[in-house]
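Please read the structure below before turning to the comments.
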Amino acid sequence: MASESESKPSEVKLTITNEKVNTSDVTQGIAVDLNERDPNNLHEDLKIQFHEIIGEPHTDVFSFDCVWVNSYKIFTNTKIWCYRITSLICALPVSFCWGIYFACFAFHNIWILMPCLKAYGMNLRILRSCFNSIIETFVKPCYLAAGYVFYNIRILKGGNAD
């Protein structure tokens, strides 16, 4: 009979580094500017004001002053509060989804796309070598021969044919 120590699988210890991985360190030390939230001007086209959308053409066609002022206030506050409520409800789940998307995108680029492109480039180098050999063997001699045929042709410009 086999002893107990022989029937148990042996333990394998694997140490990659001494560094402990802590996901809370990912955002540590990064300051979030609460005043300038679009420092790269990604959304210039979304900076829309009331007067860029609604305008009364001239003095003959205009609403009462109180309607104009209140329309401005309603438009501006509705835009602000609808955005705030929508972002309150959706920003965290959407941020989570975009985080997953860009993580998958990075994974795809690192582990799938770049190795495929590298392998494709290696295959193209082999094909280029074969193509160059075919050109050197079959096509180049034909062009050299044609060049030698036309090499000694001389065109003389003559005046009289007497």
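What is the local net charge at H43, summed over the other residues whose Cβ is closer than 15 Å to its Cβ (Lys, Arg +1; Asp, Glu -1)? Each step should come with its number before you reach the end.
Values: positive: R37, K47, K79; negative: E36, D38, E44, D45, E52.
Every neighbour counted, the sum reads -2.
Once you charge only the Cβ atoms, +1 for Lys and Arg and -1 for Asp and Glu, what is the size of the charge dipole of the range 88-162 about its Cα centre, to the nearest 20 debye?
On the way: 6 positive and 2 negative charges, 30 e Å.
The dipole of the range 88-162 has a size of about 140 debye.
Using the Cα centre of the range 25-155 as origin and beta-carbon charges of +1 (Lys, Arg) and -1 (Asp, Glu), tell me which of A106, N70, L46 is placed farthest towards the positive end of the dipole.
A106
Sort 118-124, 57-63 by the packing proxy (mean of other Cβ within 10 Å over each peptide's residues), most packed first. Don't jump to the answer; show the numbers that get you there.
Details: 118-124: 10.0, 57-63: 7.9.
Peptide ranking by packing, descending: 118-124, 57-63.
Rounded, prolate or oblate: pick one for the range 56-162, where a ≥ b ≥ c are the square roots of the eigenvalues of its C-alpha gyration tensor, a/c under 1.5 means rounded, and failing that, prolate if a/b is larger than b/c, else oblate.
Details: a/c = 15.05, a/b = 1.98, b/c = 7.60.
Taking the square roots of the gyration eigenvalues as a ≥ b ≥ c, the range 56-162 is oblate.
I need the phi-derived Karplus couplings for the range 71-84: 6.51 cos²θ - 1.76 cosθ + 1.60, θ = phi - 60°, integer Hz, Gly and Pro marked x.
The phi angles translate into 4, 4, 5, 5, 4, 5, 5, 4, 4, 5, 6, 5, 5, 5 Hz.
Taken together, the values in this text are just the output of simple stated rules run on the coordinates, not laboratory data. A quick note: this is a predicted structure, and the numbers were derived from the prediction, not measured. Cβ sites come from the backbone with ideal geometry, for glycine too, and all protein chains shown count toward neighbours.
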